[in-house]
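FYI, it's all coordinate maths here, none of it is from the lab. Source: prediction; values computed, not measured. Neighbour counts run over all protein chains shown; Cβ positions are idealised from the backbone, glycine included.
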Amino acid sequence: MEYDATDSGAGMHTSQPSGMPDDDHDELFGLDELRTGPEPRRSTGPLFRDSEQARRMLSVREIHAEPGAASSSRGRQILARFPDADVVSTDSHWRIPELHGNKGNAERWVRIKSTVLVLGEKKTLTVRPNGRSADWIAPGAANGCAMACAYCYVPRRKGYANPITVFTNVDRIVARLARHVAGQGPKSEPNQCDPSAWVYDIGENNDCSVDALISENTADLVNAFARWPTAKASFATKFVNPDLLLLEPRGRTRVRFSVMPPDDSRLLDIRTSPVEHRIAAAADFLDAGYEVHFNLSPVVIRPGWERSWAELLRHMDDVLPQRVKEQAAAEVIMLTHNRDLHEVNLAWHPRAEDAIWRPDLQQAKRSENGSWNVRYRNAVKAATVEAVRGLVDTHAPWLTIRYAF
């Protein structure tokens, strides 16, 4: 198939299962692997990340790096991958004045995403409870994205630019997760996240498929979860990266391809893989050993939205093979916007705001970090969710909806 790529401590468990010798614990939960290196890929042939398509997504010319991150093994690998980039030392990956808080960057939103990279070390390795998409939110191995979805919540914390920040101490992240997984023990009761495995979202503030163009962080996490029989990794993506097919997930990583009507995606999902390609990739990822789910996300209310979603669901029903349908499930996620992001978008993509800034349908709500988010009014949201459920029942009855938000 051809693809075109256009903290608090709540819930932290560090105990080791009783009666398990240290050596057995290290072997089962992958701590010995941290000392011996990652598993090899299936193929040593050319990687997609070295292709012209990948370079269109990421052509790094400037790297801001914390000294410790730059000198680490993973940091040196990344710097070697982009040898022509200018490297600028920074004390903190969060405090880079020319990137964060610089209002003039709004007009260079996409260019910064594709040409600037930040290297840092993850200081707080908190595993947070979730209960919706996943049981737990893992410490992220990256923050930010090279894609430019107009509704993305991640840049709200970073001001006027949101390039990818790669955390180079992924070994500490994997070790933290290994201890947490061991402390949980087997899952005793099924829930909406998974019937038998503890599910960890490894891509809350990033897209792991895009991150795999930069470093082995995503591969390290996929390989780690492949060795943990009681846990499963999960991440949502809007980018088809064939390099992930070369890994050995062994059914322990759930890829959630985010889909929306193609017309909406062309307007709002800037620099992502076409929706049709995400759907077409599902079978290949399943055959490579991933669990494949879908995010119907975000649902945007605009003229003709129900007809557009019906067409998308019919397309999925037509092209997805039975083996994908038998294991697929979906999340329905309504659009959430943000007042500050609305102002940023007006500087680089005002057409998007015609669709996603709808004061006649939306209400403001103060978020946990103090910013003002904008969501559909309660009655509007409830009616829309029920309409989506009805469309799925009619056009893709095989698609179980795990939850709607």
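Cross-linked pairs LYS122/LYS325; LYS123/LYS325; LYS187/LYS238; LYS113/LYS187; LYS325/LYS381: Cα-Cα separations exceed 32 Å for LYS122/LYS325; LYS123/LYS325; LYS113/LYS187.
Helices in the chain, meaning DSSP H runs of at least 4 residues, each add -39500 (n - 2.57). Divided by all residues, the mean residue ellipticity at 222 nm is -9500 deg cm²/dmol. To one decimal place, what Kirkwood hydrodynamic radius in Å is obtained for segment 243-374 from all pairs of distinct Cα atoms? Final number for the Kirkwood radius of segment 243-374 is 16.5 Å.
Taking 0.36 nm per residue of sequence separation and removing the Cα-Cα distance, the ASN378/GLN53 pair yields an extension gain of 112.8 nm.
Quick note on segment 344-405: its Rg to Rh ratio, both from C-alpha atoms and Rh being the Kirkwood radius, is 1.08. Over every Cα atom in the chain, the radius of gyration and the widest Cα-Cα span, Dmax, amount to 20.6, 61 Å. So the label point goes 7 Å from the Cα of SER89 along Cα→C-beta, right? Which residues of segment 52-76 then have their backbone N under 15 Å from it? What the label zone holds, given the 15 Å backbone N cut-off, is 64-72. Find how many whole Å separate the alpha carbon centroid of segment 45-63 from the alpha carbon centroid of segment 123-196. Computed from Cα coordinates, the inter-centre distance equals 25 Å.
Using only C-alpha positions, report the orientation-averaged shadow area of the convex hull of segment 121-275, nm², one decimal.
On the way: hull surface 36.8 nm².
For segment 121-275, averaging the hull's shadow over all directions gives 9.2 nm².
Explain nothing, just the number: relative contact order of segment 22-404, from Cα pairs under 8 Å at least 6 residues apart, as a whole percent. Write out the running numbers ahead of the final one.
Numbers: 737 pairs, mean separation 56.7, N = 383.
Once normalised by length, the contact order is 15 percent.
Report the full-extension gain for the segment ARG111 to GLU326: residue separation times 0.36 nm, less the Cα-Cα distance, to one decimal in nm.
Working: separation 215, 0.36 × 215 = 77.40 nm, distance 4.08 nm.
Fully extending the segment from ARG111 to GLU326 adds 73.3 nm.
Projected label points at SER367 and ARG314, each 7 Å from Cα along the beta carbon direction, are separated by 3.7 nanometres.
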